[in-house]
Each structure stands twice: as structure tokens, then as C-alpha cells.
There are 4 protein chains.
Amino acid sequence: MLRCDLTCLSVRGPGDTAGLEALIERGAIDPAHIVAVMGKTEGNGCVNDFTREYAAGALAALLARHLRVEADEVQRRIAFVMSGGTEGVLSPHITLFTRRPAGAHERTAGKRLAIGMAFTRDFLPEEIGRHPQIHETARAVRAAMADAGITTPGDVHFVQVKCPLLTSSRIAAALARGRSTATQDTYESMALSRGASALGIGLATGEIAESALCDEAVLRDAWLASSVASTSAGIELLHNVVIVLGMSGTATGPLVIAHDVMRDAIDAAAIHRALASLGIDPADAGERVVNVFAKAEASPDGLVRGSRHTMLNDSDIHSTRHARAAVGAVIASVVGRTAIYVSGGAEHQGPPGGGPVAVVARR
Amino acid sequence: MLRCDLTCLSVRGPGDTAGLEALIERGAIDPAHIVAVMGKTEGNGCVNDFTREYAAGALAALLARHLRVEADEVQRRIAFVMSGGTEGVLSPHITLFTRRPAGAHERTAGKRLAIGMAFTRDFLPEEIGRHPQIHETARAVRAAMADAGITTPGDVHFVQVKCPLLTSSRIAAALARGRSTATQDTYESMALSRGASALGIGLATGEIAESALCDEAVLRDAWLASSVASTSAGIELLHNVVIVLGMSGTATGPLVIAHDVMRDAIDAAAIHRALASLGIDPADAGERVVNVFAKAEASPDGLVRGSRHTMLNDSDIHSTRHARAAVGAVIASVVGRTAIYVSGGAEHQGPPGGGPVAVVARR
Amino acid sequence: MLRCDLTCLSVRGPGDTAGLEALIERGAIDPAHIVAVMGKTEGNGCVNDFTREYAAGALAALLARHLRVEADEVQRRIAFVMSGGTEGVLSPHITLFTRRPAGAHERTAGKRLAIGMAFTRDFLPEEIGRHPQIHETARAVRAAMADAGITTPGDVHFVQVKCPLLTSSRIAAALARGRSTATQDTYESMALSRGASALGIGLATGEIAESALCDEAVLRDAWLASSVASTSAGIELLHNVVIVLGMSGTATGPLVIAHDVMRDAIDAAAIHRALASLGIDPADAGERVVNVFAKAEASPDGLVRGSRHTMLNDSDIHSTRHARAAVGAVIASVVGRTAIYVSGGAEHQGPPGGGPVAVVARR
Amino acid sequence: MLRCDLTCLSVRGPGDTAGLEALIERGAIDPAHIVAVMGKTEGNGCVNDFTREYAAGALAALLARHLRVEADEVQRRIAFVMSGGTEGVLSPHITLFTRRPAGAHERTAGKRLAIGMAFTRDFLPEEIGRHPQIHETARAVRAAMADAGITTPGDVHFVQVKCPLLTSSRIAAALARGRSTATQDTYESMALSRGASALGIGLATGEIAESALCDEAVLRDAWLASSVASTSAGIELLHNVVIVLGMSGTATGPLVIAHDVMRDAIDAAAIHRALASLGIDPADAGERVVNVFAKAEASPDGLVRGSRHTMLNDSDIHSTRHARAAVGAVIASVVGRTAIYVSGGAEHQGPPGGGPVAVVARR
């Protein structure tokens, strides 16, 4: 039986590791138990946001010191998923995911929050954004479910994937071997990789039928989506890292998780439903909720509840920044806390203009 | 008895007057009945936002044609309050406030939405942001209440003031007469003028005691505030224009109004209370709510519910833009519509980091 | 013989028409002689820049009053080319192009600045960004040269084209007729239309060989370019408007024009050469130069003189804004004035990362 | 005799230390000889620019490894001055300043580039932005001149100062001792500290008379300025760090330095004069110039050469970003390189709207 925990720490800036250091030094966290770190950093969340790598690097350096390994090794052992952009009320923070064998006295009855991880093999450039990435991701999701002791897709509530992107040299390498990549545009490759990964998640959970998938499905049919997928692309890896959060009878600890789907950026009802399924009265949410994980995007049809929005036409502020500000505030207004994880870019992650929202709470 | 109405029109851009023109041409609106126009335009809402004057100018030109007067005369007769910034889900729109004598068959029992207007005298530059502006505003608010047939401060639910600012030449003119102005910084003069106007509103409604006011009160004690004030400064006038929205037994029509105070940017409960006081079930809000009027600001202490926000340190996006995105989304998530009026810069308008929110709805 | 003039007016904002009104009222400009107005307005120059239409509308309304025609008719008679974005030192201004029959006493020997105009037919949606637009533009450039009395391509120094773009409904209309458009992305259609128009200019001037052109050439071969082209796309028209500036023996007046090509954003030598070809000592440039017309873009290979620039990766400031700030400052530093026309988006207009620069000066 | 060198390294991002690592590993740079590092990083250069601390931290960590000391100790030994903002053509890079005893065979006749450093004592909060900071800075400048072997103020060409700022807790600490600080606004304290430091430099060089200085002089009289001052405020220190670059007969090496003052943002002539004083033909500048150090600001009177600029009214892009883009491009257009140091915020550093520009070149 495994004991799984989430620890949410406020930070004073992207380079602030003092909170984690204090927890380690007073023995509250054993760095060897950390399996993943997800964070919101205060950059723009777009191309030139260096707060993500700055934060991940600073945390890895600290953990390397305490684990007495190289920082590179830390980044291989622990999945760092830093999401830039704390627009509006969103508060910069990191969430530590820990997992350890539970002591005999810690055993609990009923299902509890379980964390599982798995990796795909490295992808060839021509596989990114296409079938192989979809299917390998599905396989890894199933492996991560098994790792977490989750036996049914209905117990999967949030799947975070970190996936690779195409660079000019990766595209050239494929061409040199006589293969063409799904796109020659490196920026578009991020969306394709996120989209294929999300489709792979949906395939594993049974939300998406194998027959509905073709290479052309990626980024084409926006309604083909997983309600538990959250994917982000990064330059530092060639494979997919999969983190599954769900409920398992072989997990123990004080935490539980549930999710729902926001159909648009102002769908507060979805968050209320997720709370209700955990038996949380909104008035107690501030006390019981440990964190919320959600995806946000500007509705691609230019409308929210039938009225025009201007997020997609704003050349001063990127639409993902608008979307995080809006969705973050809506969720915060329901759960009463602003240190929540709301990430932009939701290809195949929930319906167009909406997205998944998962709540981790004390039981 | 007066019949007061609000008509909310979506626009396709700041220069789009086609909606109003169509209403006038098919007789749905008599331009002679329009007393005020409030709008959200899609500029940045800050210094170099020209969408406000563009929209006001286009509407005035259209109304001038229909009223067969000069555009300048239109701007004197009708109060145009254009607020820039439709961040996040906020939808660009205009709200037309009309008022006309009610026909005998239109009389209703009970209080209904009433609209009143009044003007102060022109201010001398040295009076702006100081006692004379506070007291003249209070006097004008009382006059606008009388104009609306509102007999008790408890029936006042929203007071919009448009107030002047200091320019270099106005400051110089005062100096030439041996007088000093409250500030020599033209940008700060906008905040001082908004703040003094808000204090004047609070004085008129009895929310603020005469004894609590001194010149130094303006922008000093952030907790000295009116819960119904919404003020904005503009270069085009030297006096204050006051629009009072409230409930009156001498008004008729299908509309009612209520308000509450958001104590911070995610205080959805305040909006729920305002709806409840009008007997509106949130599920019916989309149908019954005609518009919402609210003020938003980034919490000056850098915290929302105890967690750090980054709105005040963001040198790429002005804090007022963050605040409107957040507050606009929270209100929209409760009332189910995004064409709502959320304006930034809330000096003495509700508590620090919060602000007034007024709901106009069908009865 | 025609007398051609340029009048450059500073403006206090996009809605400021007072300078033109004053010129008309004291008889310095006859509105009937105005053939084109080019301006720099202070918006962001990108998608949601409303200062362009605001400025054009305000000027058209003023001219309509003086010409006693409708504003629509003014926009048909006079070409308004408003370019948004006055980054860095660039100063908002408008340039009036006037043309009238010269009096007998005004005749001069030698070539002088000549202005010619022509229009293409309306384009079908499927023609935009493709061969028909290229060839029709070339034909119109030749017509505009004839209109200006310019007999050799070597006397053409600046060709401004205003061209249409694709909208969703225009794309749908083509599809309904069984035709496909060059792109389904409305934003990309602007680049395609600008690019095809620039290629058409190059075809007319002989800079580009007919044989080098194929549909695929548009936006593909960035080195295929005209050194006198400046093109911008707008939603308000379906045809191309062509303004040719050059030297003609049948023109008279005090003005002359020359041009050169900046090979990158800091190529001050190109501006020095253009001045030299007009016999202008840089020390006298401030006095003799009437205006400069140039295109700017961020070097697509990410380098300027071999060093990395960050313009294309900046998600806070659009690359066109960076490019205008840089190129505008370089030109201003040579000619000693900041009210100059520097416009972004230079597809097929000069070499990648560089662009044409034309100088109009007193003889 | 000391040998002083500058090494300019391009970087691929704020965390990129590979170039320095390579130089150290192949013995081209001895880390023990590095006395200062100045860099341009690609953040916004304003409040929430974390690229400065990220870059400084990464470099310090690398040097700590090679020097076998703690990173903190590195930051004490070596002055890191990171300036954010590479707008327009500016290219991210770092400049390493090294100094070592010269070998007998290295001796040269005539003056060469000399680098000197000195520190003030720690300042009390109430001393910042006031007389004590001014006078202590002047004393440290004289000490740094002595350290560099510079005997006359005429041989000082660039003085970089890193100075402290006020934080809320520093202000409170002063109040607790019954002292008031020059401002209670932490952001304004940066300008005050930069301004006082610049005045101190001017005092040491004799450009500013003791009698012209009073506390009120700081930020009041913008024409009171040093033509060699470049100051920047940081939260990480309580004293001033002073780096003096100049010419000395006791220095050797291949480098020389000269400076001039740009009177406005487009004053290319100043850069030409600086080159000329080093005997550099502009055509050879690309080859001979090692780096340029300059300060930029938006002209506070809103004009450049008499025409209105819009930098100070742009609520989307901070004026310092506009100014760096413009001044950086002008300098780059003269010296033919874009990896140059142009920093914003020029209080008392050159005339209003202008700034010092120093050129380091190979002899």
C-alpha cells in the first residue's frame, strides 16, 4: 500500500526554494519521496517565459544537494512541470507530489488519492503529433494507472503529460532520413504534440474510440477530447512523461480527488459538481481543498455564452493569458483559494473554450 | 411618473453604431429619451486607449444626425461614460439609459428602477481632488436623487460620476493665480479626482461622515469608501456629471436594481446576495439580468485571500487589466452573461481590492 | 503639367483633424486636390488597432464636410493609408498628397516628384494571394506610372498598395462556388495579399521576372522582392489601390524623390545613399527632407549582423513593433526628424529583415 | 602594471553559461581574473524581470564551481550588473571584465583601458537618495579611479554603479529609529538611489559642483548630470558597488575607451564623435569596437527634435523598452554590432532624453 501526498507551497519568486528547503530540513518532506513537482510561475507562459526553466533548475539544484546526485539526475528522476502565467488572482506556488510505502498503521478503508508515473520511449521526430505518439501515450497512461494501483478508467481524474516538441534540427534529422514531420513550424509542433498526447490519454481512458483517430484528427476535430487530460510541451525531452492522479483502493492517506469539465470559461457549475462529488460544501472548500488542476483556453469561435470576446484579437496580451486570468478567477471564487494550477493551451483537453478541472482535497 | 429603461447592445468594434441605428430606425428607441450611454470598449483602458473617445464620438455623431443637433450638443445633453478594457471574457457593448414620462396605463405599484442626473458647477483646478469637489459632488448626488425621485439613500444602488482631471495648462493657470493644485502630476490627478468624487458620493449617501473627511483623506484612508460609487476621470470636462441609479416609487417599467460589495476580487457571494435581494435564482440570472455594473482593482496589499498575487508587479500588463479580467469572469460565472460593465480604478469605491457590484434585472 | 505636393502634419491623437482643418480654412490646401493621405497612428499596428480606422474616419468626415459629399464618397475618391505603430521615437502624423494642374508660370525644367494612382478590378476571393492579384497589380502599377507621367521604371521610387484580405464570409463564398482560396486563415491572407501585391509591383518595375513567379512564390522565396514596394492589407476594399511616387518630366513643384534598400534593420548607409542621390548633405536633411517612407521587419532568420535578436520570440511585444522602433530610430538619426512613415510587415518588400526606404525632399 | 580586458560573449538565453564555461575550460579566461560581469538579458527590464537574477545566479554558480567557493562568495568578489531588455535589434550577451598583473613583455607605452573598483560602506535606509549616498559614492569613485591608476577625471569614461533600494522593511526599520526615508515608495526609491549615485559620480569627476547639490537636487534638476554615469538599483545589496572604466598610463593591453553624450535618442553624431576620438573610421567599427555602454530614456518633455513621441503614454509597452529599442538601434547602426549594452533609466546620467555613450575598442 502506498501513501500519496500533495504539498502546496507558496513562493516569493521563481528562484525561491526556501519553502522546500525548510520542509526538508525540518524533516516534513523526504526528498527521496518526491515523484513530481508541478508549479505556477509568474512569467508570461508563452515563448519567452524563462521563469519555468529558472524555477525547475533552482528546485533541481536544491534537491540534487539533498539527494547527493547531479541536477541532471534529479530532472530524470522527478517530473518537473512548470506552467507559466499567474494572471489575475492566480498565486505563484509549487505542488510537491510524494509517494512512499505506507506503514501498517496507516492503512485506510476505501479509495484514496493515488499517484502513478510512466514514460514512453523516445519519439522519432516524424512520430510527434501523429499515431505513434498517440498510441505510445495511451500505453504509458495504462502503465501509470497500474503504477498507481488504479484499476478502472473511472478512477482516473487527472493525467498530466509532458511531451516533446520539434526543433529545426530534429526536423532536419527526419528529412535527412527521408521522413517528413507533421509540421515544419516548431511552434505548431507544440500544439500537435500536446494534442496527440491528449488524444492518447482519451484512448487509454476509453473516452475516445480507436476508430475516431487518424493522423488528421490531431488539432482538426476540437470536440474529440479527454476530460482528464492536461498536456504541455517542452524542449528538454524526447519522450512523454505521464503522471496519473486518481483514486485507488491500494492507496492511503488523507487525500481524495474528483474532476469535472468546464464547458466554457465561466462554467462555475462544473467546479461545484466536482466539489459535490467529494462531499465538499463550498463554504468549507477553502479548508478542505489542497489544490485544483485545470486547463484554460480562449473559446476558438470567438464567443462565450453567445457574446463576442476579444481574447483572440488582442495583439498586446496573448489569449492564453486572458484565459488563465478568467478561468483562474472563476475557480478561485468557488474554492476560495488562489494558489491553484490553471494552465493554458487546451487542445483536445476538454471541449473547445472549456477544459478539465480536477480537485484534490482532504477527505 | 417616469419610465426608465436600460438597453444593452453588443458591438462589433468601437466604431460600430449599427445596432443603435437599427433600434432608432425601427422606432424601438427614441433618441430624445436617451439620458446616458455607458459602454465597455476593447482598448487597454489605460492612458493611450483611444477606443473610448472613438466610440463616444461615433455614437454622438449618429445621435446628432437623428436629433438634428451638433455632436457637441449631444455630448452636453447625454452623458457618455466609456470604460476601456474587455479583458478575459468581458464582451464589448453599450448600455443605453432612457427615461420618458410614463403613460397612464404604464403605472405600476411598488418601486422600480429610476435614473437621475445632475451636474456640479465647473471646478477650478485647485478644487480638484479636494474639499470643494467632494462637497459639490455630494450636492449633485442629492440633486440627481431628487431628479430620479429617490427619497432615501437606501434606495441608491449605483452612482456613476464622470469627473475632470488636471492638465499641465490647468495647473499652470492655477499657479498664475497664486494657487497650488492637489498634485502637479496629471496622471495622479485622475486618481485624486475619482477619489474625491467617490467620497462625495459617500457623503451624500451617509456612508461617510462629514467629520471623517479632510483634504488629506483623498487617497489616504482606503477604507473610507462608498459601496455604490463608480467614478472615472476624463479630460473633456471641468465639472462632475452624476448619474444615479436606484429604486423609486415614482418610477415605472420592468426593471429593478440592487447592489452589494465584493470584499475582494473573487467574492462571488456578494453577487449571489445582490441577486437574492432581487429574488433571482442564479439559474434564471441569464434571463433576468439586464446588466451588472462593478468596479475592480488589484488588491493594494498584494494579497488575495492571504496568497500573493502578481498584478501589481507585472510590467507587461497593467494591474487594472488583470483586475478586470478576474472580476469580470467571476461576475460572469454567476450571472451567466459576459456583456457586463466592469471598470478599473476603484479609489474609495468599495474596500481595498474589492468594489461595488450593482445588478439591474427584469422584475 | 501637374504640380505635386506633400504636406506633413503632426497630430495630437488619432482623432485630431484640427491641423488639416486649419490648412483648409486659411486656403493653404484645397481639399479637392488631395489624392491620398498616408498616416502613422499611435495604436499597436496589429489586429486590434482601431486608431487606423478612427483616424481615417475622422479625416474623411472633415473632408466630406468641406467637399460637400458623403464620407463614403471621400473614401472612394481619396486613398487613406493609415499605418499603426509609432514605437520608439516615431511621431504620429499625416501626410497629404496633393496634385493639381500647374500654372504656366510654375513650369520647371528637369524631373520632379510625380504622384500617380490607379485601381485594379475587384478580386474574387480565390484570386487573392495568387497570380491574378499579382498580374492585375502589375497592370495597375503601369497605369499609375502613366497617370504620373513616369515613363521608365527607373523613375519609380515608392509604390504604396492597399489590398484586400480574406474574411470568413469571402472564403465561404468561394467554397460555395466550388473554388478554394489560397488560405483559410484570415490573418495569413493579409500576408498573402501583401506579398502578391509586392510581387506585382516588382513585375511592373522589371525587378522580378515573369518566369520567377508561380502561385507558390508568394511568401515562399523571401529574396524575390521589389525595392520600391510598400503594401498593406485592409478589410474595407476588394480591389488594390496603387499610389506611385516617382520622378517625371511632366511634373513640377519643389519636391524630388529617391530611394534605396536597407539590407537590414541597422543599415544607415542605405539612407545616406538615398540622401546623397538627391544631393542632400546629412547636416541639411532636417531642413530639406519632407518625409521618409520605409518598411521594417524583424529579420526572419533571427539574426542581425550575425547576432541573435529576440524580436520573434517576444510574446509581450509583437515583432513588428520592435522592428518599427528600431528602423524608425535609425532613419530618424540620419534625417534628423521623427515624423516619418515606417510601416511593418515587409513580405517581398526588400530583402528579408530589410526593406525599401524612400526620401521625399525639397530640391 | 595591470592588464585589463573585456570579453563579450553571446548567450542563447539567460541561463546559458556554456560560452563562459568553454572559455574557462580551454584556458582563455582565468575565472580568478574576472572582476565584473555586465550583461544584457532578454526580460522586460522592469519590475518582474527575473532574467537578471537568473543569469547572475547561473554565472555565479558556474564560477563558484571553478573557483571552488560558494556562490554567495562569488557574488561578493565579482560585480554582476545585469540589465534587462533587449528590445529591437539588441542582442543578449555578457561582457567579462578581467584584470591581472601584466607580464614584463606586455608593457605598452601610452594610456590603455583601465578598470577599477571600489565599494561604499553600507547605507542606512534614511541615507539612500540623499547627501550621504551622494558623498560616499563620490569617495568610492575616487577610490576606484586610484584602483585603476586613473589620475585625472578627464580619463574617466564610464562609471557603472550598482546601488541599493528601499524595501518596506528597510523603511520600517528607519521609522522605528525615528528616522524618515527619502520616500516611502519602494519603486521611487530605485530612481532616488540611481539619481543620488549619478550625482556622486558627477561630484567625483568635477562635472557637478558641491554647491549645486542639496537633498532636493535628486530627481529635481534633470540638467544636473554626469556624462559618464550609469547607475542601476538592486535589492541584493546595501552599499554601492563602483566600477570605473577609463584610460591609464599604468594599464596595458589592446583596449582603449572614449565616451560622448547623446543629447537625445537619435543623436548618432555623439557616437561618431566617440569613435573619432579613438581614431576609428565608422567603416572599421564592426571590427575594432569591443562593446558600447550607453544609457537611454524617453525624453521627459514628450518631444524628440520638437516632434511628439508616444513612449510615455503607452500603457502596453513601458517607456524604458521603447527607449532601449530606439537608442540601441541608433548605436548599432553606427558601430555595426548589436551585442551592445544599452540600459534604461537615466536619472542625472546625461541630459534629459539623452545619455552617456562609451566605446571600448581595440587600439
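Return the Rg/Rh ratio of the protein assembly as shown with Cα-based radii and a Kirkwood Rh. Don't skip to the end; give the middle numbers.
Details: Rg = 32.8 Å, Rh = 34.1 Å.
A ratio of 0.96.
Hey, what do the phi angles of the stretch D:244-253 turn into as Karplus ³J(HN,Hα) couplings, whole Hz, using 6.51/-1.76/1.60 and θ = phi - 60°, x for Gly and Pro?
My calculation for the stretch D:244-253 gives 10, 10, x, 10, 9, x, 9, 9, 9, x Hz in order.
Can you tell me what share of the DSSP beta bridges in chain A is antiparallel? A percent to the nearest 5 is fine. Can you show the working numbers first?
On the way: 44 of 62 bridges.
Roughly 70 percent of the DSSP beta bridges within chain A come out antiparallel.
Can you list the copy-to-copy distances for B:Asp122, using a point 7 angstrom from Cα toward Cβ, in nanometres, shortest first?
For B:Asp122, the inter-copy label distances come out at 5.1, 5.8, 7.7 nm.
Quick one: accessible area per residue over the protein assembly as shown, 1.4 Å probe, rounded to a whole number of Å²? It would help to have the intermediate numbers written out before the result.
Details: 50590 Å² over 1452 residues.
In whole numbers, the protein assembly as shown has 35 Å² accessible per residue.
Rank D:Arg220, D:Arg324, D:Arg26 by mean-square fluctuation in a GNM of chain D with C-alpha springs under 10 angstrom and give only the top-ranked residue.
D:Arg26
Mean-square fluctuation check for chain D, GNM, Cα pairs under 10 Å: which of D:Asn240, D:Asn313, D:Asn291 is largest?
Ranking D:Asn240, D:Asn313, D:Asn291 by mean-square fluctuation puts D:Asn313 first.
Using amide H atoms built 1.01 Å from N in the peptide plane, name the residues 5+ places from A:Phe158, or on other chains, whose amide H lies under 5 Å from its own.
For A:Phe158, the qualifying residues are A:Leu245.
If you filter the stretch C:32-108 for trypsin sites (Lys or Arg not before Pro), then keep DSSP loop positions with at most 13 other Cβ within 10 Å, what is left?
Loop-located and lightly packed - C:Arg68, C:Arg107.
Using only the alpha carbons of chain B, determine the length spanned along each of the three principal axes and report them from longest to shortest in whole angstroms.
58, 49, 40
When the convex hull of the C-alpha atoms of the stretch A:294-346 is computed, what volume per residue in Å³ does it have? Working shown, then result.
Working: hull volume 4.1 nm³, N = 53.
Looking at the stretch A:294-346, the number lands at 78 Å³ per residue.
Using a label point 7 Å beyond Cα on the Cα-Cβ vector, give me the inter-copy distances for B:Trp223 in nanometres, one decimal, shortest first.
4.8, 5.5, 7.2
Of the beta bridges DSSP finds with both residues in the protein assembly as shown, what % are antiparallel, to the nearest 5?
Values: 176 of 248 bridges.
If I count the DSSP bridges inside the protein assembly as shown, around 70 percent turn out antiparallel.
Given the pairs B:Lys162/B:Lys295; C:Lys40/C:Lys162; A:Lys162/A:Lys295; A:Lys40/B:Lys295; D:Lys111/D:Lys295, which span a C-alpha to C-alpha distance of over 23 angstrom in this model? Numbers along the way, then the final one.
Working: B:Lys162/B:Lys295 14 Å; C:Lys40/C:Lys162 15 Å; A:Lys162/A:Lys295 14 Å; A:Lys40/B:Lys295 27 Å; D:Lys111/D:Lys295 25 Å.
Violating the 23 Å limit, Cα to Cα: A:Lys40/B:Lys295; D:Lys111/D:Lys295.
Taking only Cα atoms of the stretch B:27-136, what ratio of Rg to Rh do you get with Rh as the Kirkwood inverse-distance radius?
Numbers: Rg = 17.0 Å, Rh = 16.5 Å.
In the stretch B:27-136, Rg relative to Rh is 1.03.
What's the center-to-center distance, using Cα atoms, between the stretch B:259-298 and the stretch C:60-113 in Å?
52
Near the amide H of D:Arg3, under 5 Å away, which other amide H atoms are found, from residues 5 or more places off or on another chain, if H is placed in the peptide plane?
Correct list: D:Arg100, D:Ala102, D:Thr252.
For chains D and A, what's the summed buried accessible area, probe 1.4 Å, to the nearest 100 square angstrom? Spell out each step's value before the answer.
Details: alone 14680 and 14670 Å², together 28610 Å².
Interface area, both chains combined: 700 Å², rounded to the nearest 100.
With +1 on the Cβ of every Lys and Arg and -1 on the Cβ of every Asp and Glu, and nothing else charged, how large is the dipole of the stretch C:37-167 about its Cα centre, in debye rounded to the nearest 20? Write down the numbers at each step before the final one.
Values: 16 positive and 14 negative charges, 122 e Å.
For the stretch C:37-167, the charge dipole is close to 580 debye.
Count the net charge of all other residues whose Cβ sits under 14 Å from the Cβ of D:Glu70, scoring Lys and Arg as +1 and Asp and Glu as -1.
Working: positive: A:Arg65, D:Arg65, D:Arg68, D:Arg76, D:Arg77; negative: D:Asp72, D:Glu73.
Local charge sum for D:Glu70: +3.
Under 1.5 on a/c is rounded, so check that first for the stretch A:226-356, then, if it is not, pick prolate when a/b is larger than b/c and oblate when it is not; a ≥ b ≥ c are the square roots of the alpha carbon gyration tensor eigenvalues. Provide the component values of the computation, followed by the final result.
Values: a/c = 2.05, a/b = 1.30, b/c = 1.58.
Taking the square roots of the gyration eigenvalues as a ≥ b ≥ c, the stretch A:226-356 is oblate.
Given charges of +1 on the Cβ of Lys and Arg and -1 on the Cβ of Asp and Glu, with all other atoms neutral, how large is the dipole of the protein assembly as shown about its Cα centre, in debye to the nearest 20?
Working: 140 positive and 152 negative charges, 1 e Å.
With only Lys, Arg, Asp and Glu charged at Cβ, the dipole is about 0 debye.
Taking chain C as a Gaussian network, where each spring joins two C-alpha atoms under 10 Å apart, which residue of C:Thr205, C:Thr181, C:Thr231 fluctuates the most?
Between C:Thr205, C:Thr181, C:Thr231, it is C:Thr181 that shows the largest mean-square fluctuation.
Could you give me the radius of gyration and the Dmax of the stretch C:247-316, taking only the C-alpha atoms into account and expressing both in angstrom?
16.2, 50
Run the simple label-point estimate for B:Ser10 and A:Glu210 please: 7 Å along Cα→C-beta, distance reported in nm.
About 4.3 nm, to one decimal.
Helix-derived [θ] at 222 nm for chain C: sum -39500 (n - 2.57) over DSSP H runs of at least 4, divide by residue count, nearest 500? Please report the intermediate quantities before stating the final value.
Values: 9 runs with 113 residues, N = 363.
Using -39500 (n - 2.57) per qualifying helix, the result is -10000 deg cm²/dmol.
What is the distance, in nm, between label points placed 7 Å from the Cα along the Cα-to-Cβ direction at C:Arg65 and at D:Arg362?
Rounded to a tenth, the inter-label distance reads 6.5 nm.
What distance in nm separates the two pseudo spin-label positions at C:Thr167 and D:Leu303, each 7 Å out from Cα along the beta-carbon direction?
Going by the 7 Å Cα→Cβ label model, 4.3 nm.
Explain nothing, just the number: dipole magnitude of chain D about its Cα centre with +1 on each Lys and Arg Cβ and -1 on each Asp and Glu Cβ, in debye rounded to the nearest 20. Can you show the working numbers first?
Numbers: 35 positive and 38 negative charges, 174 e Å.
That gives a dipole near 840 debye.
For the stretch B:38-113, run through the GluC sites (Glu not before Pro) and keep only the ones in DSSP coil with at most 12 other Cβ atoms within 10 Å of their Cβ.
Numbers: sites: B:Glu42, B:Glu53, B:Glu70, B:Glu73, B:Glu87, B:Glu106; in loops: B:Glu42, B:Glu70, B:Glu87.
In loop regions of the stretch B:38-113 (DSSP not H, G, I, E or B), the sparsely surrounded GluC sites (Glu not before Pro) are B:Glu70.
For a Förster distance of 45 Å, can you work out the FRET efficiency between the beta-carbons of B:Leu175 and B:Ala146, rounded to the nearest 0.05? Don't skip to the end; give the middle numbers.
Values: r = 38 Å, r/R0 = 0.84.
Rounded to the nearest 0.05, the efficiency is 0.75.
How long are the semi-axes of the equivalent ellipsoid of the stretch C:4-85, taking √(5λ) for every eigenvalue λ of the Cα gyration tensor, in whole Å from largest down? Can you show the working numbers first?
Values: eigenvalues 86, 39, 26 Å².
In descending order the semi-axes read 21, 14, 11 Å.
Quick one: which residues, 5+ away or cross-chain, put their amide H under 5 Å from the amide H of C:Met262? H built at 1.01 Å from N.
C:Gly355, C:Val357
Taking a spot 7 Å from the Cα of B:Glu236 along the direction of its beta carbon, which residues of the stretch B:134-172 have an amide N less than 20 Å from it?
Inside the label zone: B:160-170.
Got the D:Ala18 label distances to the other copies yet, label 7 Å along Cα→Cβ, in nm, shortest first?
Once sorted, the set of distances for D:Ala18 reads 3.4, 5.3, 5.7 nm.
Given a Förster distance of 41 angstrom, what is the FRET efficiency for D:Arg220 paired with A:Arg263, based on the Cβ-Cβ distance and rounded to 0.05? Spell out each step's value before the answer.
Working: r = 58 Å, r/R0 = 1.41.
Taking R0 as 41 Å, the efficiency between D:Arg220 and A:Arg263 is 0.10.
Give me the percent of accessible area attributable to carbon and sulfur for chain A, probe 1.4 angstrom.
Details: 6420 of 12660 Å².
About 51 percent, which is the carbon plus sulfur part of the accessible surface.
The values are calculated or read from the model by the stated rules, or taken from the named source; none is laboratory data. The model shown is predicted, which means the values in this text are computed figures rather than measured ones. Using ideal geometry, Cβ is built from the backbone for each residue, glycine included, and neighbour counts are taken over all protein chains shown. Note: accessible area is taken over every heavy atom of the protein model, side chains too, but ligands, DNA and RNA are not part of it. Shrake-Rupley method; radii C 1.70, N 1.55, O 1.52, S 1.80 Å.
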